[in-house]
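K.L.:
Mind looking over this structure? Questions follow.
The values are calculated or read from the model by the stated rules, or taken from the named source; none is laboratory data. What you are looking at is a predicted structure, and each value in this text was computed from that prediction instead of being measured. Note that each Cβ is placed from the backbone with ideal geometry, even for glycine, and that neighbours are counted across all protein chains shown. Protein only, heavy atoms only, side chains kept; ligands, DNA and RNA dropped before computing areas. Shrake-Rupley method; radii C 1.70, N 1.55, O 1.52, S 1.80 Å.
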Amino acid sequence: MTKHTSRRDFLKTAAAGASAAMLPLPAIAQGAPGRVVVVGGGFGGATCARFIKRIDPRIAVTLVEANATFTACPFSNGVIAGLRDLKDQQFGYDKLSSDQVVLNLSPATAVDAQGRSVTLGNGARLPYDRLVLSPGIDIRWDGLPGYTEQAAERMPHAWKAGEQTLLLRRQLEAMADGGTVAISAPANPFRCPPGPYERASLIAYYLKTKKPKSKLIILDAKDAFSKQGLFRNAWKELYPNLEWVSLSTGGKVTSVDVGEMTLVTDFGRHKADVANVIPPQKAGRVAELAGVADRSGWCPIDPVTFESKLQPNIHVVGDASIAGAMPKSAFSANAQAKVCAAAVAKLVAGGKPDEPKLINTCYSLVAPDYGISVAGVYRPADGQIKEVEGSGGVSPANAPSSARAAEATFANGWFKTITDEVFG
Ligand SMILES: Cc1cc2nc3c(=O)[nH]c(=O)nc-3n(C[C@H](O)[C@H](O)[C@H](O)COP(=O)(O)OP(=O)(O)OC[C@H]3O[C@@H](n4cnc5c(N)ncnc54)[C@H](O)[C@@H]3O)c2cc1C
């Protein structure tokens, strides 16, 4: 089978639904039911809570989430570009009760890994047999000199969707035609590797259609990025005013000067009218509190069960985990959550989890009707998660506009499917 054929077949599977974890569901556990607490009701956590319950309804599952409304990052670049409303990104937790998941809307503030309990901001103490953490990311506020929480009010990151997304949107709307927009993209690893480049594309689309005299510059701390060839070819064709400055040509932002609205690199200073700073990141804070984050700030895990390598009985999925070759994406978080749910159900019943295979597809929109994607299949090997050789790949370099339009439709379908599965 050629690489091209395997990718086409693969995409058919991916487009058919978001069922990203290719593993047999374990038989209903025969042992005594256990108690599982899941912290974080995003793509990883909400999926995991629901799937544990579906696999073994006798397990008591509590989902702990800080906010009553979840605001999704995928497609939030469309909000920034004025193509959709923030409310299209927002989801509640009402439907979780259909799976008999108990919801506790309060932040987890402490984890006692030895005593196996989680304490919440509302004072509740939840004992567990197994704990699953899917807290997403936190910003490293000490990672970029000058970039503080106050600075983010002038130079939004918009890397957690919500108010920050709207702030960046409003700044773009307020900018005069002829202005300069600067995006600072971080070094790896970070949430959503193609995200900064999709964002640049959709902002460029907004500028081209509404403020054509304006410029957009991406200052990058890397020399290579996800789907680079596809993005750069599309930019050449669609957005000649978009400039990408790589690490080796002086793109790495080393500090920010908010008063001067300036991004500083070792090679010079870039003044901007709108500055979108995507700063260095780490696992959500609760991972540190639980003792499952290592010095990198992320969480090493067993590739079969997603159990922490640092604390027994605590599993970590989604962006917070070090998942080898898998990118930090909502698709990955959802796939990992299903694998973890199956493993947790087995472990609670005293069984041995099966070796999983996982898939991921990341779609990006270069324009509303121009989609591209990268896909991969992954499995545990040598204690890590590795990509299966010859699997996946990226969209073809030379494709007709009808193929790009079809991928934009698949992207929209994917968002609907995954959010229906997680929150519907
Ligand atoms: C601009 C942008 C575009 C993106 N586009 C895509 C895309 O097209 N496709 C894709 O697959 N991915 C995309 N992503 C990536 C995707 O958003 C993340 O990979 C995904 O959300 C990770 O899921 P998660 O469960 O790890 O974290 P999240 O989905 O962020 O969920 C974490 C949850 O944990 C909660 N939480 C955190 N700490 C606590 C605590 N102590 N107590 C209680 N609750 C807590 C948070 O409130 C949150 O609800 C994009 C990201 C960005 C920024």
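K.L.:
What does the accessible area per residue of the chain come to in Å², with a 1.4 Å probe and no ligands, DNA or RNA counted?
P.N.:
Value returned for the chain: 40 Å² of accessible area per residue.
K.L.:
What net charge do the residues around ASP129 carry, taking every other residue with its C-beta under 9 Å from that of ASP129, with Lys and Arg at +1 and Asp and Glu at -1?
P.N.:
Once all neighbours under 9 Å are counted, the net charge is +3.
K.L.:
Could you list log10 I(q)/I(0) for the range 151-279 at q = 0.14, 0.16, 0.17, 0.22 Å⁻¹, which the Debye formula gives when each Cα is one point scatterer?
P.N.:
For the range 151-279 at q = 0.14, 0.16, 0.17, 0.22 Å⁻¹, log10 I(q)/I(0) is -0.55, -0.74, -0.85, -1.51.
K.L.:
At 1.4 Å probe size, with the rest of the protein present, what percent of the exposed accessible area of the chain is carbon and sulfur atoms?
P.N.:
The C+S portion of the solvent-accessible surface of the chain is 52 percent.
K.L.:
Also, quick follow-up: Between their Cα atoms, which of LYS282/LYS416; LYS160/LYS211; LYS282/LYS309; LYS160/LYS210; LYS215/LYS236 are more than 19 Å away from each other?
P.N.:
Flagged as over cut-off: LYS282/LYS416; LYS160/LYS211; LYS160/LYS210.
K.L.:
Normalised by the empirical 2.2 N^0.38 Å for globular proteins, what value does the Cα Rg of the range 93-201 take?
P.N.:
So the range 93-201 has a normalised radius of gyration of 1.46.
K.L.:
Taking the chain as the reference, fit the longest principal axis to its C-alpha atoms, fit the long axis of helix 228-238 to the helix C-alpha atoms, and give the angle between the two in degrees, 0 to 90, nearest 10.
P.N.:
Helix 228-238 sits roughly 40 degrees off the main axis of the chain.
K.L.:
Can you give the direction-averaged projected area of the convex hull of the alpha-carbon atoms in the range 52-102, in nm²?
P.N.:
Result: a mean projected hull area of 4.3 nm².
K.L.:
Follow-up question, since we're still on this one. Residue by residue through the range 358-368, which ³J(HN,Hα) values in whole Hz follow from phi under the Karplus form 6.51 cos²θ - 1.76 cosθ + 1.60 (θ = phi - 60°), with glycine and proline marked x?
P.N.:
In residue order, the calculated couplings are 10, 10, 9, 9, 10, 8, 9, 9, 8, 8, x Hz.
K.L.:
Right, another one. Please report, to one decimal in angstroms, the Kirkwood hydrodynamic radius of the range 277-424 built from all distinct Cα-Cα pairs.
P.N.:
In the range 277-424 this quantity evaluates to 16.8 Å.
K.L.:
Once you wrap a convex hull around the alpha carbon atoms of the chain, what is its projected area averaged over all directions, in nm²?
P.N.:
Average projection, Cα convex hull of the chain: 19.9 nm².
K.L.:
Using a Förster distance of 51 angstrom, determine the FRET efficiency expected from the C-beta separation of SER117 and ALA224, and round it to 0.05.
P.N.:
0.70
K.L.:
Now for a separate question. Put a dot 7 Å past each Cα toward the Cβ at ARG295 and LYS236; how far apart are the dots in nm?
P.N.:
For LYS236 paired with ARG295, the spin-label model returns 4.3 nm.
K.L.:
Expressed as an acute angle from 0 to 90° and rounded to the nearest 10, what is the orientation of the C-alpha long axis of helix 43-55 relative to the principal long axis of the chain?
P.N.:
Approximately 30 degrees, to the nearest ten.
K.L.:
I would also like to ask the following. Treat each spin label as a single point 7 Å out from the Cα along the C-beta direction, and report the LYS309 to ASP142 distance in nm.
P.N.:
Here the modelled spin labels are 2.3 nm apart.
K.L.:
Another question about this same structure. So, by mean Cβ neighbours within 10 angstrom, what's the order for 355-364, 385-394 with the highest one leading?
P.N.:
Ranked by mean Cβ neighbours within 10 Å, highest first: 355-364, 385-394.
K.L.:
I'd like the GluC sites (Glu not before Pro) in the range 69-170 restricted to DSSP loop residues with at most 13 other Cβ atoms within 10 Å, sorted by number.
P.N.:
Answer in residue order: GLU149.
K.L.:
Helix 330-348 versus the longest principal axis of the chain: what is the Cα-based angle in degrees, 0 to 90, to the nearest 10?
P.N.:
Long axis of 330-348 versus the principal axis of the chain: about 10 degrees.
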